[in-house]
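I have placed the structure first, in the form of structure tokens, so that the comments after it can refer back to it.
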Number of protein chains: 2
Amino acid sequence: MSILVVGSVAYDTVETPFGRAERVLGGSASFFSVAASFFVPVNLVAVVGEDFGAEQMAAFAGRPIDTEGLEKTAGETFHWAGKYSYDLNARETLFTHLNVFEFFKPRIPERYRRSEHVFLGNIHPALQREVLDQVEKPRLVVCDTMNYWISRTPDELKETLRRVDVLLINDAEARELSGEWNMVRAARKIREMGPSVLVVKKGEHGVLMFGEEGSFAAPAYPLEEVFDPTGAGDTFAGGFMGYLAAGHGEAGVHRGKVDDAVLRRAVIMGSTLASFDVEAFSLDRLLRLTRAEIEERFRLFKRLTHFEGI
Amino acid sequence: MSILVVGSVAYDTVETPFGRAERVLGGSASFFSVAASFFVPVNLVAVVGEDFGAEQMAAFAGRPIDTEGLEKTAGETFHWAGKYSYDLNARETLFTHLNVFEFFKPRIPERYRRSEHVFLGNIHPALQREVLDQVEKPRLVVCDTMNYWISRTPDELKETLRRVDVLLINDAEARELSGEWNMVRAARKIREMGPSVLVVKKGEHGVLMFGEEGSFAAPAYPLEEVFDPTGAGDTFAGGFMGYLAAGHGEAGVHRGKVDDAVLRRAVIMGSTLASFDVEAFSLDRLLRLTRAEIEERFRLFKRLTHFEGI
């Protein structure tokens, strides 16, 4: 029941109205792996440069995260720098040094190839398919992407989407990918491209999920201190997929068909993990997070959204 | 258990990407009254000009809406014109002809003065207090306002807020009124100004309510066709307050203290009514709405948000 994740492991330099963090651990696969590792073992595939230190590697130690697939290669690690204003939903990229990530060709270690759950982080859609080609028989494929691939490689992306069960993107990306402003129509068009489930991330406004049994809306947890939103989407994905892969609840996961009640709890679990991520820079909060805290906040989500019928 | 509502009755001229409506019935008190009238009798106080016709008055007929307080005076009716782009959350005001509304002095008819529930629509905060002065013993005072009063008459507004139980405003207004970007802090500051409950309307992103027993988040209903958002906030208010005033459920309404479970259902009822309003221009959809449709969509809201605990 392990998850194979392919994505970026990076350095982030982040400025928010509340502080600044220089060259701290970031990258989609980092946030995803730590979040998912609360639920199931994670097989990590990414690339770093020679400057990637033991301090950063320590984040993955002591957790069920297999780093055999974390390739170290000549050059520098991917480094992203961004700045948030008070509106933490919007950010400005100061620079993106792809470095070794520019030539990343995911190579899936032999013992990862029987992973039943695959998370395709935000990389070139052709590379995402190459990952799938190296996995024997995935039961559940979850995919992220971004506006860059939607506008520059739409045909490649659509070919990938035919092999994806769950697509996780934000609202602007869903609109761009579908060409529809209205989210209900956008979801229908995107689900016709392949994914049976679409999860639309809306930052502080929560998540909308569209699946075979209708739609599900979940708020973001209203926090008094949102310190740094970096990684919230990837942390959501890790909590979401970790919960699914752990096979909780009723019917669990079948190829292309996930039980709706489990999907809903997985969305809340993703939102729960994401709500912790934003409380501190980098993975700082996730790395000191406990199972008890996760369960307590999940219960608070229930309290936050519950109402009785009339 | 009737509601006294004071606000505007107006002509709206609206352009959306889907069509145009010229000089149709609008105004906060119109939307509010029709929505609330599904639950309790409504006592309407507003002003119109000599050009306000029988066709418009027909909207209030055949419903428990008392129009004795709808004053007709020399001059023209308030006329607002606005234009929506595809992003239906944002709109451009083309013109605002206040006309007779500019000199509106709410005069509460004798038989309205024992109304136990008062909705103060978006008018000058000093006028809102004059309304309260004319009501004998209100059990529940709900208030709307807007950025115009927040920035121009902040002291007047704060004096009014001390007498308000529930404040309904949008997220930008909550930020401006509190001077806080973070909504949890904004809510705390605003609740210290008087209202024990703050309901923050976020358009397509739903509603956040902050009360004595914590917070409640409700999504907007994801509709495939959002035709015209005009009046959604006032319709929400009508459904919300109508449900409260009908005294549904457990403890019901006491001065300054409303049962949390009832408040939550009231938020969903407001969202339910608002989701119908946006399906057509003006009050067109509300005027052909049935009780069965309301109950069915309330159930769909439950389905939209429900998840089981872990």
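Things to note:
- Of the residues making up segment A:50-79, those that are over 19 Å from A:Met1 (Cα atoms) and crowded, with 19+ Cβ neighbours inside 10 Å are A:Phe52, A:Gln56, A:Ala59, A:Leu70, A:Thr77, A:Phe78, A:His79.
- Pairs meeting the criteria (first residue in segment B:166-187 and among the hydroxyl-bearing types (Ser, Thr, Tyr), second residue in a helix (DSSP H, G or I) and modelled with pLDDT of 95 or more, beta carbons under 9 Å, at least 6 apart or on different chains) are B:Ser178/B:Arg185; B:Ser178/B:Ala186; B:Ser178/B:Ala187; B:Ser178/B:Arg188; B:Ser178/B:Lys189; B:Ser178/B:Ile190.
- Looking only at segment B:80-129, residues that are among the hydroxyl-bearing types (Ser, Thr, Tyr) and either touching a Ser or Thr at 6+ places or on another chain (Cβ under 7 Å) or crowded, with 21+ Cβ neighbours inside 10 Å (or both) come to 3 in all.
- So B:Glu224, is it assigned to a helix (DSSP H, G or I) and either surrounded by fewer than 24 Cβ atoms within 10 Å (Cβ to Cβ) or of a type outside the set (A, V, I, L, M) (or both): no
- Number of the exception - B:Pro222 against (1) modelled with pLDDT of 95 or more; (2) touching a Ser or Thr at 6+ places or on another chain (Cβ under 7 Å); (3) more than 8 Å from chain A (Cβ to nearest Cβ): (3)
- Flag if B:Gly7 is surrounded by 15 or more Cβ atoms within 10 Å (Cβ to Cβ) and within 19 Å of B:Gly270 (Cα to Cα): yes
- Filter pass, B:Ala172 being crowded, with 21+ Cβ neighbours inside 10 Å and over 19 Å from B:Val5 (Cα atoms): no
- Checked across segment B:285-293, the condition of being buried (at least 17 other Cβ atoms within 10 Å of the Cβ) and within 14 Å of chain A (Cβ to nearest Cβ) holds for no residue.
Per-residue answers, yes or no, for (1) of a type outside the set (Val, Ile, Thr); (2) within 12 Å of another protein chain (Cβ to nearest Cβ); (3) surrounded by 16 or more Cβ atoms within 10 Å (Cβ to Cβ); (4) in contact with a Lys or Arg (Cβ under 9 Å, 6 or more places away or on another chain):
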| residue | (1), (2), (3), (4) |
| --- | --- |
| A:Arg265 | yes, yes, yes, no |
| A:Leu283 | yes, no, yes, no |
| A:Glu295 | yes, yes, no, no |
| A:Arg299 | yes, yes, no, no |
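- Sub-9 Å Cβ pairs linking a first residue in segment A:281-299 that is within 14 Å of A:Phe60 (Cα to Cα) to a second residue that is of a type in the set (Ser, Thr, Tyr) and surrounded by 20 or more Cβ atoms within 10 Å (Cβ to Cβ), at least 6 apart or interchain, are A:Ser282/A:Ser30; A:Ser282/A:Thr230; A:Leu283/A:Ser30; A:Leu283/A:Thr235; A:Leu286/A:Thr235, ordered by first then second residue.
- One residue stands out among those in segment B:205-215 that are of a type outside the set (Ser, Thr, Tyr), over 16 Å from the mean Cα position of the chain (by Cα) and farther than 16 Å from B:Asp165 by Cβ: the one that is nearest to the other protein chains (Cβ to nearest Cβ), which is B:His205.
- Looking only at segment B:171-195, residues that are within 20 Å of A:Leu300 (Cβ to Cβ) and within 13 Å of chain A (Cβ to nearest Cβ) come to 7 in all.
- Out of B:Leu168, B:Leu161, B:Leu198, sole residue that is within 14 Å of chain A (Cβ to nearest Cβ), at pLDDT 95 or above and under 23 Å from B:Val262 (Cβ atoms): B:Leu198
The values are calculated or read from the model by the stated rules, or taken from the named source; none is laboratory data. Computed from a predicted model, the values in this text were never measured in an experiment. Methodologically, a virtual Cβ is constructed for each residue, glycine included, from the backbone with ideal geometry; neighbour enumeration extends over all protein chains shown.
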